[in-house]
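Let me begin by presenting the structure, written as structure tokens, before commenting on it.
Only the coordinates and a few stated rules stand behind these numbers; no lab work does. If you're wondering where the values come from, they're calculated on a predicted model, not measured in any experiment. Neighbour counts are summed over all protein chains in view; Cβ atoms, including those assigned to glycine, are modelled from backbone coordinates with ideal geometry.
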């Protein structure tokens, strides 16, 4: 999933010390990060979902990573401990992202770095718009089930959050169109099947008919335009 060529080049000579990855999910970004850096002393992944941690454990092999069940709302770590803290594509699932970033900064040592990576919805091509529409449908379904999942951020919205959290980025990377354009019949079928499975999980929600209608419209767009992961904004800041 993660290519982020410019970010990878920046990280390739980095010795990151003690690393914390917040909202690790299934481990994709943490694996990208560990594959990219020159060295690390320890790596910890924090994730609230047990099933995701189980998948992450397999994806992160053969790296030695401590996987911890927990949330950013109450980080189970000492202050001023980690040399590097990362979070990727998770702020949109956090109800109070400013407080989350402030918590992450508290466990970071003075002179340490924080890396924030988020998908953005600015300047998309038709294939990226189709992928964004899928993400919006997924977010709406999560909210209908009682969860918190806001829509994809704009670049300006992310910078507004950083400013409120007193996090000032010193390095900024935008991935652009480097992600593969997926428009083969096989890839389209796989993605439409994923959409069908997601809508099926809507169960008896009152909005299920609306979700089904939106999924059909989305699948037609996929046949025409294919799909592509939207640009991702990567920001690195230092803790004074």
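Return the percentage of antiparallel bridges among DSSP beta bridges fully within the chain, rounded to the nearest 5 %.
The answer is about 40 percent antiparallel.
Can you put 105, 198 in order of Cβ neighbours within 10 angstrom, beginning with the fewest? All intermediate terms of the calculation are to be shown ahead of the outcome.
Details: 105 18, 198 15.
Placing the least packed residue first, the sequence is 198, 105.
Subtracting the Cα-Cα distance from 0.36 nm times the residue separation, let me have the gained length for residue 58 to residue 73 in nm, one decimal.
Working: separation 15, 0.36 × 15 = 5.40 nm, distance 2.59 nm.
Taking 0.36 nm per residue and subtracting the Cα distance, the gain is 2.8 nm.
For the chain, modelled as a Gaussian network with Cα springs under 10 Å, which listed residue fluctuates most, 62, 169, 97?
62
Angle, helix 50-59 long axis vs. longest principal axis of the chain, Cα atoms, 0 to 90°, nearest 10?
80 degrees
If you line up the long axis of helix 97-106 against the longest principal axis of the chain, both from Cα atoms, how many degrees apart are they, to the nearest 10?
That helix lies at roughly 20 degrees to the long axis.
When 5, 152, 71, 86 are ordered from fewest to most other Cβ atoms inside 10 Å of their Cβ, what list results? List each step's numbers first, then the result.
Details: 5 11, 152 19, 71 16, 86 27.
In increasing order of surrounding Cβ atoms, one gets 5, 71, 152, 86.
Over the chain, what relative contact order in percent results from Cα pairs under 8 Å that are six or more residues apart?
On the way: 426 pairs, mean separation 52.7, N = 240.
RCO, the chain: 22 percent.
Quick check: the angle from helix 126-144's long axis to the longest principal axis of the chain, C-alpha only, nearest 10 degrees?
80 degrees
Fewest first, what order do 131, 193, 18 take by the number of other Cβ atoms within 10 Å?
Working: 131 23, 193 11, 18 19.
With the fewest neighbours first, 131, 193, 18 line up as 193, 18, 131.
Relative contact order of the range 64-121, please, whole-number percent, based on alpha carbon pairs below 8 angstrom and at least 6 residues apart. Spell out each step's value before the answer.
Working: 63 pairs, mean separation 26.2, N = 58.
45 percent.
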